[in-house]
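**Student:** Can you read through this structure? Questions will come right after.
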Amino acid sequence: MKVAVIVFPGSNCEHDAEFVVREVLGQEAELVWHKDTSLHGADVVLLPGGFAHGDYLRTGAIARFSPVMREVERFARAGAPVIGICNGFQVLLEAGLLPGAMLRNRSLKYQCEQVHVKVEATDTPFTLACSPGQVIRIPIAHGEGNYYAEPDVVDDLERKRQVVFRYCAADGSVSDASNPNGSVHNIAGICSEGRNVVGLMPHPERACELALGSADGLVLFESVLRAVAESSRVAR
Amino acid sequence: MRARVYVTLKPSVFDPQGTTVADALHTLGYASVKDVRQGKFFELDIDAASVGDVRRIAQEVADKLLSNPVIESYRIDVESGVQGQAGEGSR
């Protein structure tokens with residue numbers, strides 16, 4: 001499996017993602033500069049966290065017009081697996097590859113903490129190795145992760161089971177007390193209608209080794225590794 | 001010519017920054033300030049032949065980049081005074 005990790009000016013989680021793919025999974029990862037117009041034959045695209053273009057104007061608003069995003073859009077529309085983590089999720093929202101937008105956290109604070117997240121859908125390339133309802137413990141680190149969409153859009157997301165991750169308590173119960181930022185319906189991550197594009201605010205790539213306090217995030221990377229292996233077997 | 005674009009959160013969208021500013025004003029004794037909505041303001045200096053063109057370009061960039069239609073709406077004012085004239089002219 002080859003993962004293209006897109007690097008915008010201001011990205012800061014690209015090496016964490018690259019490390020997980022290369023050193024933990026033993027797969028191929030390539031950093032792709034945002035001005036590049038090719039994805040270098042990657043099987044998976046990962047938009048990492050950070051502060052692309054300083055978060056000026058709105059998070060992700062300027063990054064979405066980077067030259068590489070045309071290729072990412074083409075890749076996504078072809079059904080290939082794309083994941084946006086934190087700022088990468090915000091870029092996917094601005095690019096219209098996922099519905100909704102981010103507001104400032106209701107606390108108005110930048111929040112950096114471990115959270116529990118429930119896996120609500122296991123039929124995406126990034127969650128197929130999870131068990132339904134599995135609770136994983138991974139960190140968040142954001143000031144604008146308060147997911148918002150119009151009520152009819154949220155209803156649509158729920159009906160089509162596009163809510164992939166929801167903030168919850170350690171026992172998996174979902175309530176306002178386990179909502180760190182005010183996101184509507186405790187939404188931590190969603191997928192596209194085609195299910196191949198996934199965005200989430202928490203950072204699975206920062207929780208892939210026990211030395212870092214949790215290895216719960218690794219299952220997302222193992223999932224996409226299996227998804228890519230299965231799709232290449234079908235193609236053969 | 002100059003176009004001014006005012007971008008604000010839609011009325012249906014919660015504005016935690018505006019609420020915090022309103023709380024601060026209440027602390028300062030301004031009980032009469034019932035609500036605050038915070039927004040963004042852009043001044044665009046546009047080289048175009050007519051007021052209509054300036055407005056069209058301002059609208060295009062507001063749709064494309066300056067605002068996010070999911071959470072924001074905008075209003076545009078075009079300053080139609082003679083180019084190069086000093087002063088704001090608003091009283």
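Coordinate-derived values only; no laboratory data. Note that this is a predicted model, so its numbers are computed, not measured. Here the Cβ is made from the backbone with ideal geometry for all residues, glycine too, and neighbour counts use every protein chain on show.
**Student:** Can you list the lysines whose alpha carbon is less than 24 Å from that of A:LYS160, not counting same-chain residues fewer than 8 positions off?
**Tutor:** Leaving aside lysines fewer than 8 places away in the same chain, those within reach of A:LYS160 are A:LYS118.
**Student:** ³J(HN,Hα) across the stretch A:74-91 via Karplus (A = 6.51, B = -1.76, C = 1.60, θ = phi - 60°), whole Hz, x for Gly/Pro?
**Tutor:** Karplus-based 3J(HN,Hα) across the stretch A:74-91 equals 4, 4, 5, 5, 7, x, 7, x, 10, 10, x, 10, 6, 4, x, 5, 4, 5 Hz.
**Student:** On to the next question. Any idea how far apart A:PHE65 and A:LEU108 come out in nm if each label point goes 7 Å out from Cα toward Cβ?
**Tutor:** Those two pseudo-labels are separated by 3.1 nm.
**Student:** In whole Å, how far is the Cα centre of the stretch B:1-70 from that of the stretch A:81-120?
**Tutor:** 24 Å
**Student:** Can you give me the three principal axis dimensions of the stretch A:30-102 from its C-alpha atoms, in Å, biggest first?
**Tutor:** For the stretch A:30-102, the Cα spread along each principal axis is 32, 23, 17 Å.
**Student:** Further question on the same structure: Could you please rank A:SER214, A:SER231, placing first whichever residue has the fewest other Cβ atoms within 10 Å of its Cβ?
**Tutor:** A:SER231, A:SER214
**Student:** Something else now. Report, in degrees rounded to the nearest 10, the 0 to 90 angle that the Cα long axis of helix B:16-27 makes with the longest principal axis of chain B.
**Tutor:** 60 degrees
**Student:** GNM on chain A, C-alpha springs below 10 Å: top fluctuator among A:GLY60, A:GLY213, A:GLY49?
**Tutor:** Comparing A:GLY60, A:GLY213, A:GLY49 in a Gaussian network model of chain A, the most mobile one is A:GLY213.
**Student:** Give me Rg over Rh for chain A, both radii from the alpha carbons and Rh done the Kirkwood way, two decimal places.
**Tutor:** 0.93
**Student:** On a C-alpha basis, how far is the centre of the stretch A:123-185 from the centre of the stretch A:1-59 in Å? Whole number, if you could?
**Tutor:** If we compute the Cα centre of each part, the gap is 23 Å.
**Student:** Right, here's the next one. For Cα pairs less than 8 Å apart in space and 6+ apart in sequence, what is the mean separation divided by the residue count of the stretch A:2-235, i.e. the relative contact order in percent?
**Tutor:** With pairs under 8 Å counted, the relative contact order is 19 percent.
**Student:** To continue, here is another question. Which order results if A:GLU120, A:GLU71 are arranged by neighbouring Cβ count within 10 Å, fewest first?
**Tutor:** Listed from fewest to most nearby Cβ atoms, that is A:GLU71, A:GLU120.
**Student:** Assigning unit charges at the beta carbon (Lys, Arg +1; Asp, Glu -1) and nothing else, what dipole magnitude in debye, to the nearest 20, does the stretch A:2-235 show about its Cα centre?
**Tutor:** Approximately 220 debye in magnitude.
**Student:** With N residues in the stretch A:102-236, what two-decimal value do you get for its Cα radius of gyration over 2.2 N^0.38 Å?
**Tutor:** Output field value: 1.05.
**Student:** Let me know the whole percent of all Cα-Cα pairs from the stretch A:132-206 that are separated by more than 17 Å.
**Tutor:** More than 17 Å apart: 44 percent of the Cα pairs in the stretch A:132-206.
**Student:** If all Cα-Cα distances of the stretch A:59-145 are sorted into 10 Å bins from 0 onward, what percent lands in each bin, rounded to whole numbers?
**Tutor:** Computed distribution, short to long bins: 15, 38, 37, 9.
**Student:** Using only C-alpha atoms and all pairs of different ones, pull out the Kirkwood radius for the stretch A:1-124 in Å with one decimal.
**Tutor:** Taking every pair of different Cα atoms in the stretch A:1-124, averaging 1/r and inverting gives 15.1 Å.
**Student:** Moving on to the next point. Given an 8 Å cut-off on Cα distances and at least 6 residues of separation, report the relative contact order of chain B as a percent.
**Tutor:** Relative contact order here is 46 percent.
**Student:** Can you put A:LEU157, B:LEU65 in order, fewest other beta carbons within 10 Å first?
**Tutor:** Exposure proxy ranking, most exposed first: B:LEU65, A:LEU157.
**Student:** Here is a further query. Average the reciprocal distances over every distinct pair of alpha-carbons in the stretch B:2-90, invert the result, and give the Kirkwood radius in Å.
**Tutor:** Every distinct Cα pair counted, the radius reaches 15.1 Å.
**Student:** Calculate, for B:TYR6 and A:HIS15, the FRET efficiency according to 1/(1 + (r/R0)^6) with r their C-beta to C-beta distance and R0 56 Å; round to the nearest 0.05.
**Tutor:** So the FRET efficiency works out to roughly 0.90.
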